Amino acid sequence: MAVIALDLGGTRIKFGLVENGQLLASANVAVSSKSFAGAMPVIEAEIGKLLAETGQENIEGIGMAFPTIVDSDRMRLLYKYVKYNDANDLDLAGWAKEKWGTTLVMENDARAALVGEWQYGAGRATDNLVMVTIGTGVGSAALINGRLIKGSHYLAGNLGGHMAVNFDGVRCNCGNVGCLESEASSWALPELLKRQPGYAKSPFSEGEKPDFETVFRLANEGEHFAAAVRERSLEAWATGILNLVYAYDPERVVIGGGVMKSADVILPYLQNKINQAAWLPENAVEVVAAQQPDWAGVLGMAYLAGN
């Protein structure tokens with residue numbers, strides 16, 4: 001029987017009707033409402049469309065991935081997220097039961113993406129896996145012996161972006177100093193560029209877009225300021241990922257997120273760092289690109305909701 005799965009992002013929601021790991025129908029919808037209650041009519045309408053499109057009348061379950069810390073045993077959010085900060089106060093399991101007559105499963109979005117890659121992507125054939133997504137922020141999740149790592153407060157494995165990689169660094173939006181996110185993520189990059197020596201004479205002070213795609217493009221063209229920023233970012237990511245390797249001892253590290261447009265540079269750098277610095281035989285830990293970059297969260301939630 002098919003499952004409905006949702007991946008709730010900051011501005012869009014991805015929907016999938018999934019059966020045996022196959023997307024039977026999907027949608028990617030912009031949602032303007034800042035409240036979950038306001039988004040519920042949109043969600044109901046989109047699920048209705050997917051069911052009508054495929055002729056499905058019954059579903060086995062509904063899975064929802066949220067970009068915050070999730071108590072996946074009691075199916076509740078533990079911290080308010082800026083976009084849907086009323087979701088903590090809503091009976092979402094009761095809503096799913098009333099509207100569709102089925103059960104609801106909730107999980108953190110990074111864990112959902114890891115499960116999607118584990119079952120249907122770059123993590124297949126291993127039960128010891130770490131996933132890192134590098135984009136607006138830095139997300140992470142870990143799987144050991146085929147079990148998602150969650151911890152006593154559901155934080156374990158999820159906050160790799162807030163491991164400190166520079167105790168002399170800048171203050172992160174979480175309050176800590178020198179987090180991986182505050183040292184090398186898309187939200188932090190514009191201010192990081194301005195703090196680097198030579199910024200005033202760099203292409204970024206003259207109007208180049210302050211994103212990693214531009215940094216890597218200019219670095220590949222031989223622009224020295226961009227090359228220095230690229231090297232600093234690569235070293236920050238490598239340090240953070242090495243920390244995760246020591247913490248969870250995976251067989252494989254899957255890398256996803258927007259920066260993977262430059263996978264040809266990033267993956268060899270990270271692999272070399274682990275080979276050089278980890279107390280492991282060379283290539284004991286593989287560093288690979290995500291194979292389901294767009295739909296891993298949906299596929300992962302479908303798996304969790306159906307098992």
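Quick notes on this structure:
- Residues of the stretch 219-242 classified as more than 16 Å from residue 268 (Cβ to Cβ) and of a type in the set (Phe, Trp, Tyr), total: 1
- In the stretch 181-193, the residues that are of a type in the set (Ser, Thr, Tyr) and part of a loop (DSSP other than H, G, I, E, B): 185, 186
- Residue within the stretch 119-139 that is in a helix (DSSP H, G or I) and surrounded by 19 or more Cβ atoms within 10 Å (Cβ to Cβ) present: yes
- Test: residue in the stretch 166-180 that is hydrophobic (A, V, I, L, M, F, W, C), out of contact with any Cys (no Cβ under 7 Å at 6 or more places or on another chain), assigned to a loop (DSSP other than H, G, I, E, B) and buried (at least 16 other Cβ atoms within 10 Å of the Cβ): no
- Residues considered: 70, 31. Of these, the only one that is surrounded by 13 or more Cβ atoms within 10 Å (Cβ to Cβ), touching a residue at least 60 places away in the same chain (Cβ under 8 Å), at negative phi and in contact with a helix residue (DSSP H, G or I) (Cβ under 9 Å, 6 or more places away or on another chain) is 70.
- For the stretch 103-110, the criterion of being in a loop (DSSP other than H, G, I, E, B) and not basic (Lys, Arg) is met by at least one residue.
Where a number appears in this text, it was derived from the coordinates with a stated rule and is not lab data. A quick note: this is a predicted structure, and the numbers were derived from the prediction, not measured. Here Cβ is always computed from backbone atoms with ideal geometry, including for glycine, and neighbour counts include all displayed protein chains.
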